[in-house]
Amino acid sequence: MRSIRTAVDRAALGAVGVALLLGGVWLAAGDRALAQRLPAWWPAPAAGTVLLDGDRLARWRGAGWWTPAVMAAAIGLTVLFAWLSLARLRRAGTGRRLALPAPGCTVRPQALSAALTERVLAVPGVVGGRARVTPRRGRRLEADLRVRLAPDTPPGAVLPALRAVAAEAGRAAEPYTVHTRIRLSAAAHRMPHVR
């Protein structure tokens, strides 16, 4: 289903692009300098031809239906394109599923991110953090761990456990290759205030 939708999206985008390109070339062919360089068989507009003449446009504007119809079409197309764009962004962020070695089994990157975040927060000395797993081309995943350490916790005390969590994530995500980046920050000391 997803491949059909992608094929339809690409075909529609390609058709609109070709139509706009041909229309632009046809209009540009009305220029005498360009028209002389085009082949004889090219359908060029006659000299002095306009895309929409003033008399016809004035008649349409005089009709009571013209302005509301143009406004409704423009608003409808704008809303449709905005809705399609938002749906595409939402689908790109949440829709992709990763195939697992077992037949018919898949997992969402968000589920991997949530599981990895839980494992990171269970490491002693970590007071906060989050993990984000992003699929890349081929069978490659990028895991970005942002970890906040407790005050007075040295990074060397936590880093081996975080590396073990990253290695465990790599084994769990096979056949994908996981590239992990760990970013450490320290929680600030809470200074007592005297009043």
Inset, instruction - Would you please calculate the Kirkwood hydrodynamic radius of the range 100-195 over all C-alpha pairs and express it in Å, rounded to one decimal? - result: 14.5 Å
Legend entry - Segment residue 136-residue 16, extension gain: residue separation times 0.36 nm, minus the distance between their alpha carbons: 40.3 nm
Legend entry - Calculated FRET value between residue 115 and residue 86, using beta carbons and R₀ = 25 Å, to 0.05: 0.35
Legend entry - Summed side-chain charge close to residue 128 - residues other than residue 128 whose Cβ falls under 13 Å, Lys, Arg +1, Asp, Glu -1: +3
Legend entry - log10 of Debye I(q)/I(0), alpha-carbon scatterers only, for the range 71-156 at 0.22, 0.25, 0.26 Å⁻¹: -1.04, -1.16, -1.21
Legend entry - Environment charge of residue 182, counting only residues whose C-beta is closer than 11 Å and scoring Lys/Arg +1, Asp/Glu -1: +3
Legend entry - Accessible area of the range 123-164 divided out per residue, in Å², using a probe of 1.4 angstrom: 58 Å²
Legend entry - Residue-count net charge about residue 66 - beta-carbon cut-off 13 Å; Lys, Arg +1, Asp, Glu -1: +3
Inset, instruction - Enumerate by residue number the trypsin sites (Lys or Arg not before Pro) in the range 125-166 meeting two conditions: DSSP loop (anything except H, G, I, E, B), and at most 11 other Cβ atoms within 10 Å of the site's Cβ. - result: 137
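The values are calculated or read from the model by the stated rules, or taken from the named source; none is laboratory data. The structure presented is a predicted model; accordingly, all values stated were derived computationally and were not measured. Using ideal geometry, Cβ is built from the backbone for each residue, glycine included, and neighbour counts are taken over all protein chains shown. Heavy atoms of the whole protein, side chains included, go into the accessibility calculation; ligands, DNA and RNA do not. Shrake-Rupley method; radii C 1.70, N 1.55, O 1.52, S 1.80 Å.
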